[in-house]
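Just below is one structure, and these are the notes that go with it.
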Amino acid sequence: MHEPNPITLAAKASDEPEFRLIGVGPWKEEHPGEPRPDNPESPNYDARFSTELLDEGDQRNVLDRYRYWKVEAIKADLDSKGRHEFEVAVENWTHDFNIGSMVRTANAFTAKKVYIVGPHKWNRKGSLMTELYQYVECCPTIETLVTNWRENML
């Protein structure tokens, strides 16, 4: 057996956990004694909060200000802040190579919409759940996409 790398030894000596927890735990553990924001009788009531996420914690890949929020509430907040006017179209010819990264990038730049053109299903794994917060529309052909664009311009 070989000696561990000096960086590995230093990390183990620092008492840092090997795997950091992502997100936040249940509301009652993170905010003990504070009223829950999903209770209509609470002074800090906010309908954007998810009862399920408040109960179980929130390990999603979202900004901290969106912790415990429902997906629809996050999407509505992004809409209210103003999405950019550009749209992205990606053609899915034979396989979905990098379509997920295109959806992630469109979400990062708050694109108005992403169109995925082609008859094939795309693998959402590469988008890392950002498709939930981004408008994504699938079109079977380029002709369908162009027709939709023309109808929306009128």
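The values are calculated or read from the model by the stated rules, or taken from the named source; none is laboratory data. Since this is a predicted model, take the numbers as computed values, not measurements. Note: ideal-geometry Cβ built from the backbone for every residue, glycine included; neighbour counts use all protein chains shown.
Summary of values
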item	result
Residue that is assigned by TED's automatic domain parsing to the domain that holds E30, surrounded by fewer than 16 Cβ atoms within 10 Å (Cβ to Cβ) and at pLDDT below 95, where the choices are L128, L63	L63
Extreme residue, surrounded by the most Cβ atoms within 10 Å (Cβ to Cβ), among residues of the range 102-117 that are of a type in the set (G, A, S) and in a helix (DSSP H, G or I)	A106
Residue match in the range 15-38 (condition: in a loop (DSSP other than H, G, I, E, B) and in contact (Cβ under 8 Å) with a residue 60 or more places away in the chain)	no
Set I142, I116: member being touching a residue at least 12 places away in the same chain (Cβ under 8 Å) and over 24 Å from A76 (Cα atoms)	I142
Tally of residues being part of a loop (DSSP other than H, G, I, E, B) and either touching an Asp or Glu at 6+ places or on another chain (Cβ under 9 Å) or under 18 Å from L128 (Cα atoms) (or both) across the range 59-91	8
Extreme residue, surrounded by the most Cβ atoms within 10 Å (Cβ to Cβ), among residues of the range 78-95 that are without any contact (Cβ under 8 Å) to a residue 40 or more places away in the chain and touching a strand residue (DSSP E or B) at 6+ places or on another chain (Cβ under 8 Å)	V90
Sole exception among (1) aliphatic (A, V, I, L, M); (2) closer than 20 Å to W149 by Cβ; (3) out of contact with any Phe, Trp or Tyr (no Cβ under 6 Å at 6 or more places or on another chain) for I99, by number	(3)
